[in-house]
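Since the structure comes first, as structure tokens, the remarks are kept for the end.
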Amino acid sequence: MNSFDKIYKKCGFSHRVISTSDFEGVAHGLVAPVIVMYTSWIIDRAEKMGIKRLYFLARDGYLMRDIGEKICSERNNGIVCSYFYCSRYALRMAAYGFFDDSAYEKLFLGAFKLSACGMLLRADFSPEERQRVYNDIGFTDDENRILGRGEFSAFTDKVRQSEVFKSIVKEKSDRAYSLMTEYIKQEEMDRQNKIGIIDLGWTGSLQLTLQRILSSMGINSPLVGFYMGMIDKPPAKENSQYNSWLFTEKDNCIKSRFAHNLIECLCSAPHGMTMGFKKAEQGIVPVLADKENDERYINIIRQKALDFVADNKTEYKEYFKKATLKILLYFMYKPDKNTATSLGVYSFCDDVSEGYHRSIVQKGEKKDYSRELIFYKILHRDDSDGFYWYYGSLAAGDIGPKWYYRIMYRLTRYISFIIH
């Protein structure tokens, strides 16, 4: 019996890990049980809090909604599990017109690939609209050139002051807000005594934006968020509650080993990002971007998770949290080469506009891994991060000693979280 089988036996599961050397083995042995345990915690908390309807937010909540429906059906607890189409992009588009920090300032955040065009695409600016802004602020550079952090900051400072930019944002935001509020009413959020939303994490910004919109509609029911973990302290807001399962913003030791980009990939949905909404015969429907990940892998995890629920009692136990951390930190922080390579089928984007994607696993040369370590970061603070999942990319690469780079990167992240 391997260490994972012992963990599952202690959880009370009749589950055996067959292999973790390929994608299907990782999905069966590691990913599906983790998602089920997380969803079990959500349902347990919702029952105790008297929440009657849970909104699983697209796209991270896609798999958990199906699992939640099955668990709630077995428990006959009367909780309705709904899938709520949204994204940081769609919610912020509806809130930009407020011109406050809850959404508007998110337009100017940094990302891996920083360009003038990429920043304006966060608010769906057309080529003609972008040119109007460039003319207004005197920007004559190539809009697709990747900017350093200092250059990007200088560019956004000018954009902030542009009246042309503000007027275009307001017009787009007002249109998005009208459709968003109709969709919220259609999904009966305005009829709930408590509104429960489910996401993976990591800062609470999406919940803050949603509550800003709900408040503007006169909906003052408590908004209760359930999250796998929090990397940053969530913003304090009246009538808003954040429930974090595995770790909070204070758990720097866990955060330094945790790969939040990877878990987002593993909880992908078989559809693209919600870009906005439109009216149709059946009501308000989402406008979706093209999907970026292969539906086959999503369906494998979904089926393995549903099989896990069917084969096991999923009444929540306190040990589930400890078990999940052991499993996640094993294959996130110290994966073997086969596991890392098998998960490299996923692509990811760290920007709200999702204007680019690349593999979650990027094999690099020695200098590429060294650039992410603390000594280099101190001297080159203007550089962007080169890996979405450093530990997996390290495992898949051909450099050594791996233990050195793994420990040094963990130290780098730990220090960055402390001084953040």
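Every read-out reported here was derived from the displayed coordinates using simple, explicitly stated rules and does not represent laboratory data. Computed from a predicted model, the values in this text were never measured in an experiment. Cβ: placed from backbone, ideal geometry, glycine included. Neighbour counts: every protein chain shown.
Odds and ends about this structure:
- Within straight-line cross-link reach of K158, aspartates and glutamates at Cα separation under 13 Å, skipping those fewer than 8 residues along the same chain: D136
- Local net charge near L214, Cβ-Cβ under 13 Å (Lys/Arg +1, Asp/Glu -1): +1
- Dimensions of the range 270-316 along the principal axes, based on C-alpha atoms and rounded to the nearest Å, stand at 42, 24, 18, largest first.
- Length, then width, then depth: along the principal axes, the Cα atoms of the chain run 67, 56, 37 Å.
- By other beta-carbon atoms within 10 Å, ranking E238, E143 with the fewest at the front produces E238, E143.
- Partners of K9 within straight-line reach, counting aspartates and glutamates whose Cα lies under 20 Å from its Cα and excluding those fewer than 8 residues away in the same chain: D307, D311, E315, E318.
- For the range 259-327, the set of GluC sites (Glu not before Pro) satisfying both a DSSP loop assignment and a count of at most 11 other C-beta atoms within 10 Å is given as E281, E318.
- Cross-link pairs beyond the 22 Å C-alpha cut-off, checked among K255/K304; K70/K313; K113/K363; K334/K366: K255/K304
- Tail fraction, Cα-Cα pairs, the range 17-75, threshold 13 Å, whole percent: 65
- Evaluated at q = 0.11, 0.20, 0.27 Å⁻¹, a Debye calculation over the C-alpha positions of the range 97-174 (equal weights, vacuum) places log10 I(q)/I(0) at -0.24, -0.85, -1.60.
- Prolate/oblate/rounded label for the range 9-133 (Cα gyration tensor, a/c 1.5): oblate
- 22 Å Cα-Cα threshold exceeded, pairs from K237/K321; K106/K233; K233/K321; K10/K326: K237/K321
- Less than 5 angstrom separates the built amide H of G196 from those of R53, Y55, V224, all sequence-distant by 5 or more or on a different chain.
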